[in-house]
């Protein structure tokens, strides 16, 4: 892969790698980040992209990942390979912490199942070691000190130490009280010398105290004396401490031997944790600029959708400023893009964005662009961006660029990405422009893919005449004379030299004199570009106004339809109410007729039969109406359910269970149902019971 230091500087690659180092936890991953270079082998890159795709999906799912705070136990692994080596307490603590984190990753891997096609490779030799942690924890207390009961001998030794320590304290307090009563003791009363408790005696009374002098204060006014009564006990304590050290070493040696067989697991575990630390750093960086994993093209080229410069995007994000995305399409039929336009319009930033996105992609880092972005693989990145004047080497900018161009012509090919900023500048405009045109033709004939920014009209015209080259320009507001930071492909742009000069207060008479001094054909060409840009902006403005009016009209139609629907529903409701009132009125009239037909004397048998028949008939009508309303309501509910989420689900999608409202992540999709993980709980559920978030 050809990506020299000059190109790395041009694209600010060191800033990217420094950010990666800050986002990783451990030195080995940080070193990998510092040395990260783009991959040019398609198979290797495809594997790396597959890993990042799986890791990035997990990282973006919102679920918690296993801790990245592991320990690089290289020394421990080396010690385990030595036959009689003994690990210390901190080593075992690091082993337990690494093992716990590794177990968490293994459990997550088993949970993800077939979804981890690429990440799963790292777990081929890893299984949960059920006995490793308990074996170590049986020896240590929660403070990672060897337990008293780690062995019977150690328990006896420490019990003896407690007894001796108590006797030393008891004797010391007795002597201290006696010496205090006699006025021999200084204000500090006591101290420690070589871990032995000593009396702080006023030096003038030191001969009156029985014991061994162990030292004195800086001024000599205080003498430290170990009471004679405690000397044999302190000696005994020293012997017990030495026995304790020997027994602890023996216990740790036995424990080291017991876990020596776990060396392959610990080695593979550390290797995986470091790699996942590296992946986590790349994922965290991608998340900072809302990156995506692009598709890989079979051939060199790029289709960038709304790409942004990652460093500029993050800077603008802090400043709460917008960053304008650009679309770029380069392929075998459209290999070289020549970007023109006024200064400070975004040409160089766009070029750096193209280069950085491509390098990020070939390092398997999410790129700051939108979905639909697809990138090929290049074998060399050749850039010349910015001012490279060197006082130390007495090398001018133009000389530097000539040397770079000579180098590019020697090494470039169809798998090179060439980025040239302000192509041809630094010399006589006519002579430099002519030489730049020849260089441009040479690069074109080498079938390289690249981007060139220039103000030279001959380069723009040459790009127009070559079938696999295309002009483009950074859009500029011809009326306000302000850049719009938007790349337009298809035609060259004016430099707006005189217009910008006029806007900055240059006298009109000076501008007129300047125009007379330049080639009229070039002036006409620039004026034509200017007129075309103005016409396009006017047309764009008219189209935007038309779109706005169309949108307003559509909104009015939608408002009318909404009000019409409301009126229809209200009318329907009123009609239903009127019909019900008519039914009630007819029933009331009928009942009135029945009442008037009742004879005061007689059984009224025929009348009661008629009343009964009428009531039953009306009851039947009411039941029929209720059934129709029930069927209508059921149909509406079915329609409402069908309107709900029917979008297809993908692995790692977030979903909500309709009934319980719980949120989980999709880990498996089968004909029999969807497997959803909610925290530590996994369930199989049908698609119609889920809502995609």
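We did not get these values from a lab; they are worked out from the coordinates using the rules stated. Owing to the predicted nature of the structure, the values given are computational and were not obtained by experimental measurement. Positions of Cβ are backbone-derived with ideal geometry, glycine not excepted, and every protein chain shown enters the neighbour counts.
The table that follows gives values for the structure above.
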{"read-out": "For segment 185-291, convex hull volume per residue from C-alpha positions, Å³", "value": "185 Å³"}
{"read-out": "Pairwise centroid distance, computed over Cα atoms, of segment 140-165 with segment 174-235, Å", "value": "30 Å"}
{"read-out": "Gain in span if fully extended, residue 317 to residue 589, counting 0.36 nm per residue against the direct Cα distance", "value": "90.2 nm"}
{"read-out": "R0 of 25 Å, Cβ-Cβ distance residue 141-residue 171: FRET efficiency to nearest 0.05", "value": "0.25"}
{"read-out": "At 0.890 mPa s and 25 °C, Stokes diffusion of the chain via Kirkwood alpha-carbon radius, µm² per second", "value": "70 µm²/s"}
{"read-out": "Residue-averaged [θ]222 nm for the chain, counting only DSSP H segments that reach four residues, each worth -39500 (n - 2.57)", "value": "-18000 deg cm²/dmol"}
{"read-out": "Contour excess over end-to-end distance, with Cα ends at residue 298 and residue 249 and 0.36 nm allotted per residue", "value": "11.6 nm"}
{"read-out": "Label-point separation in nm, residue 507 to residue 486, each point 7 Å along Cα→Cβ", "value": "3.8 nm"}
{"read-out": "Cα-derived Rg to Rh of segment 160-211, Kirkwood definition", "value": "1.00"}
{"read-out": "Net length gained if the chain between residue 268 and residue 636 were fully extended (0.36 nm per residue, minus Cα distance)", "value": "126.6 nm"}
{"read-out": "Solvent-free Debye scattering, log10 I(q)/I(0), computed from the Cα coordinates of segment 553-693 at q = 0.08, 0.14, 0.16, 0.19 Å⁻¹", "value": "-0.55, -0.88, -0.97, -1.09"}
{"read-out": "Efficiency of FRET between residue 581 and residue 612 - r from beta-carbon atoms, R0 25 angstrom, step 0.05", "value": "0.50"}
